[in-house]
1. Considering each residue of region 166-198, count those that are assigned to a helix (DSSP H, G or I) and crowded, with 19+ Cβ neighbours inside 10 Å, and give that number.
2. Suppose we filter Thr92, Thr150 for residues that are in a loop (DSSP other than H, G, I, E, B), surrounded by fewer than 15 Cβ atoms within 10 Å (Cβ to Cβ), of a type in the set (Ser, Thr, Tyr) and touching a helix residue (DSSP H, G or I) at 6+ places or on another chain (Cβ under 9 Å); which single one remains?
3. For region 119-135, does any single residue satisfy the condition of being out of contact with any His (no Cβ under 7 Å at 6 or more places or on another chain) and part of a loop (DSSP other than H, G, I, E, B)?
4. Which residue pairs have Cβ atoms under 8 Å apart, sit 6 or more places apart or on different chains, and have a first residue in region 173-186 that is of a type in the set (Val, Ile, Thr) and a second that is not in a helix (DSSP H, G or I)?
5. Considering only region 265-274, I want to know if a residue exists there that is assigned to a loop (DSSP other than H, G, I, E, B) and either in the same structural domain as Tyr75 (by TED's automatic domain parsing) or more than 27 Å from the chain's Cα centre (by Cα) (or both).
6. When you go through (1) of a type outside the set (A, V, I, L, M, F, W, C); (2) more than 24 Å from Arg206 (Cβ to Cβ); (3) surrounded by 17 or more Cβ atoms within 10 Å (Cβ to Cβ) one by one for Thr97, which number turns out not to apply?
7. Could you run through region 126-144 and say how many residues are farther than 17 Å from Phe160 by Cβ and in contact with a helix residue (DSSP H, G or I) (Cβ under 7 Å, 6 or more places away or on another chain)?
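The values are calculated or read from the model by the stated rules, or taken from the named source; none is laboratory data. What you see is a predicted model; the values in this text were computed from it and never measured. Don't worry about glycine lacking a Cβ; one is built from the backbone with ideal geometry, like all the others, and counts go over all protein chains shown.
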Amino acid sequence: MHIENLKVFVSLAETQSFSRTGKLHGITQSAVSQQLRALENHFGVQIVDRNQKIFRLTREGECLRAAAQDITRGYDILINDLKEMRHEIAGTIRLSTIYSIGLHELPPIVKHFLSKYRTVDVRIAYRRSNLVVEDILRGEADLGLIAYPTKTRDLEVIPFAEDCLVVICNPAHPLAKRKRVKLAELASQCFIGFDHDIPTRKATDRIFCEYGVKLVPSMEFDNVETLKRAVEVGAGVALVPAETVRQEVAQQTLVELSLEDCHIKRPLAYIHRKTAVLTPAMVRLVDTSTELGKASLT
């Protein structure tokens with residue numbers, strides 16, 4: 001029995017999928033089944049209840065799962081400690097990020113990080129917020145980047161920055177001649193918003209409610225890039241993270257207005273599984289993000 005057998009089993013217990021486990025470890029579905037059989041033969045017990053239509057561990061399987069998690073976690077900690085002692089910062093980091101962070105906040109962070117740690121390979125996937133969380137829980141990404149994070153039993157949250165929300169409009173819009181606007185004034189405009197399940201939308205809905213503003217979007221989108229394009233063509237006004245419109249404001253295709261009566265901050269954070277052990281490279285990336293995030297606020 002090798003440590004890799006236990007790692008494959010832990011992934012199988014978490015994903016409850018032979019095909020997904022194979023994909024995570026770069027092996028075939030058949031190879032996953034063979035490793036499961038090898039564990040059962042080694043310990044002389046049945047690990048998966050094959051009488052059930054859905055994936056289910058036996059009592060012995062649950063016991064092995066808990067022990068395997070401890071063993072593999074301890075092994076990963078040992079490997080990372082040895083790398084730290086050798087000052088070795090290398091390997092691959094799989095990032096899953098929402099579009100607004102991945103396309104705007106993340107690029108300068110990754111550029112700065114890779115300038116210091118050239119042997120690290122950073123792979124980025126752009127996803128909706130709920131899919132970022134799924135990627136982390138399924139082990140398909142090492143770190144996730146989301147806005148308005150919620151700490152759960154299975155997720156660890158590491159805040160690294162925050163930005164503010166601003167109002168944007170087309171340069172020909174009547175509001176474009178102003179610098180500030182009150183929140184209540186948005187109710188009289190054609191307002192373009194995010195989809196209901198986007199965390200930023202949920203946060204702004206709560207704020208509208210607190211200020212007694214009844215605002216129903218005339219259009220809704222699931223990402224900030226499409227939303228910006230709608231505002232650029234004059235379809236209405238929107239409330240977006242300031243960092244996401246720097247280029248358009250500089251090119252004068254959009255006008256940015258601050259809110260006069262409130263200041264809406266959007267917290268950004270890394271997430272990872274609580275059972276995961278962050279490699280030295282991952283720790284350095286998080287540290288770099290936090291340092292640059294604090295610098296941008298000063």
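1. Residues that pass the stated criteria total 2.
2. Thr150
3. Step one: of region 119-135, the residues out of contact with any His (no Cβ under 7 Å at 6 or more places or on another chain) are 119-135.
After this cut, where a residue has to be part of a loop (DSSP other than H, G, I, E, B) as well, the list is 119, 128.
Within region 119-135, one or more residues are out of contact with any His (no Cβ under 7 Å at 6 or more places or on another chain) and part of a loop (DSSP other than H, G, I, E, B).
4. Sorted first by the residue in region 173-186, then by its partner, the pairs are Val181/Val167; Val181/Leu257; Val181/Ser258; Val181/Leu259; Val181/Glu260.
5. No, region 265-274 contains no residue that is assigned to a loop (DSSP other than H, G, I, E, B) and either in the same structural domain as Tyr75 (by TED's automatic domain parsing) or more than 27 Å from the chain's Cα centre (by Cα) (or both).
6. (2)
7. 5
For every residue, the table says whether it meets (1) small (Gly, Ala, Ser); (2) surrounded by 15 or more Cβ atoms within 10 Å (Cβ to Cβ); (3) touching a Cys at 6+ places or on another chain (Cβ under 7 Å).
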residue: Met219; (1), (2), (3): no, yes, no
residue: Glu232; (1), (2), (3): no, yes, no
residue: Gly236; (1), (2), (3): yes, yes, yes
residue: His263; (1), (2), (3): no, no, yes
residue: Leu268; (1), (2), (3): no, yes, no
residue: Asp287; (1), (2), (3): no, no, no
residue: Leu292; (1), (2), (3): no, yes, no
